[in-house]
Amino acid sequence: MPAEDYLAALAAPAAPRIGVLRLLIERAEPANAAQIAATLEAFRAAGAQVEEVPLASSFEGLHAAGDTVSRSEAAAFHRDLYARHSAEYPKHIGEHVKAGHDIAAVDYIAAQAHRRAFRKGMGAVATRYDALVSPTAAGPAPKGLESTGDPYYCAPWSFAGMPSISLPTGLGPEGLPFAVQLSSAPWSEARLLAAAAWCERVIGFKETPRA
């Protein structure tokens with residue numbers, strides 16, 4: 001997509017139509033769920049159309065399917081290098097690659113079919129909205145640099161190839177940010193960025209998170 005299309009989408013974004021994935025929000029920590037609820041109310045007050053939408057039935061088991069695809073493809077990509085230098089791999093990556101060697105082709109193909117089913121089902125829902133709202137994480141951002149946190153909320157959109165963006169909404173008790181995740185249909189980046197630009201202005205986050 002040409003760069004000017006993105007720039008035009010960001011110049012004067014209109015109030016978006018937002019689909020709320022309530023089941024995912026309810027799984028978050030109470031303080032984060034309350035933060036997202038307050039953010040959604042702010043969106044409504046500013047003129048956004050906000051309504052609840054269902055998760056595709058193929059969401060069930062999607063994380064396991066995504067792990068199967070990820071491990072299989074990691075094993076295939078690193079096959080020769082890992083065979084020569086397995087001892088030099090970081091523990092987590094090495095375990096990921098090693099596990100991929102034990103995945104049967106039939107399981108990989110089934111996992112890919114599951115992933116495509118979710119992309120088709122959730123993509124059909126997403127096309128009716130400028131953005132789908134879910135948590136970025138269960139709670140605020142994790143402390144320190146050892147981990148990026150639980151990928152439960154971000155992984156489905158990565159598996160499905162659906163663009164997503166995270167916006168900070170406030171600070172938790174330790175000074176680390178809460179955030180809301182906006183996702184859209186495949187190949188809808190300009191539409192998503194416009195919605196995110198509008199949402200970001202409404203949220204007006206200006207706090208400085210603690211390191």
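The values are calculated or read from the model by the stated rules, or taken from the named source; none is laboratory data. Note that the coordinates shown come from a computational prediction; the quantities given were computed from them, not determined experimentally. Reconstructed Cβ throughout: ideal geometry from the backbone, glycine too, with neighbour counts over all protein chains shown.
Numbers at a glance
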item: Number of the condition not met by residue 119 [criteria: (1) within 14 Å of residue 65 (Cα to Cα); (2) among the basic types (Lys, Arg); (3) assigned to a loop (DSSP other than H, G, I, E, B)]; result: (3)
item: Residue list for segment 44-92, restricted to those being of a type in the set (A, V, I, L, M, F, W, C) and surrounded by 15 or more Cβ atoms within 10 Å (Cβ to Cβ); result: 48, 50, 53, 55, 56, 59, 62, 65, 69, 74, 75
item: The one condition in (1) touching a strand residue (DSSP E or B) at 6+ places or on another chain (Cβ under 7 Å); (2) touching a residue at least 40 places away in the same chain (Cβ under 8 Å) that residue 111 fails to fulfil; result: (1)
item: Those helices (runs of 4 or more DSSP H) lying entirely in segment 14-96 with at least 1 residues aromatic (Phe, Trp, Tyr); result: 30-45, 62-77, 79-85
item: Which listed residue is closer than 15 Å to residue 32 by Cβ, outside any helix (DSSP H, G or I) and out of contact with any helix residue (DSSP H, G or I) (no Cβ under 9 Å at 6 or more places or on another chain), from 139, 149; result: 149
item: Residue check for residue 191: crowded, with 19+ Cβ neighbours inside 10 Å and over 13 Å from residue 36 (Cβ atoms); result: yes
item: Any hit, segment 83-95, residues being within 30 Å of residue 25 (Cβ to Cβ) and more than 21 Å from the chain's Cα centre (by Cα); result: yes
item: Members of segment 97-107 that are surrounded by fewer than 18 Cβ atoms within 10 Å (Cβ to Cβ) and either in a helix (DSSP H, G or I) or in contact with a strand residue (DSSP E or B) (Cβ under 8 Å, 6 or more places away or on another chain) (or both); result: 98, 99, 105, 106, 107
item: Every residue from segment 123-157 that is surrounded by 13 or more Cβ atoms within 10 Å (Cβ to Cβ), among the small types (Gly, Ala, Ser) and either touching a strand residue (DSSP E or B) at 6+ places or on another chain (Cβ under 8 Å) or at positive phi (or both); result: 126, 131, 134, 137, 139, 141, 149
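So that you can scan it fast, the table gives a plain yes or no per residue for (1) in contact with a helix residue (DSSP H, G or I) (Cβ under 9 Å, 6 or more places away or on another chain); (2) among the hydroxyl-bearing types (Ser, Thr, Tyr); (3) assigned by TED's automatic domain parsing to the domain that holds residue 112:
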| position | (1), (2), (3) |
| --- | --- |
| 154 | no, no, no |
| 160 | yes, no, no |
| 163 | yes, no, no |
| 176 | no, no, no |
| 185 | yes, no, no |
| 190 | yes, no, no |
| 205 | no, no, no |
| 208 | no, yes, no |
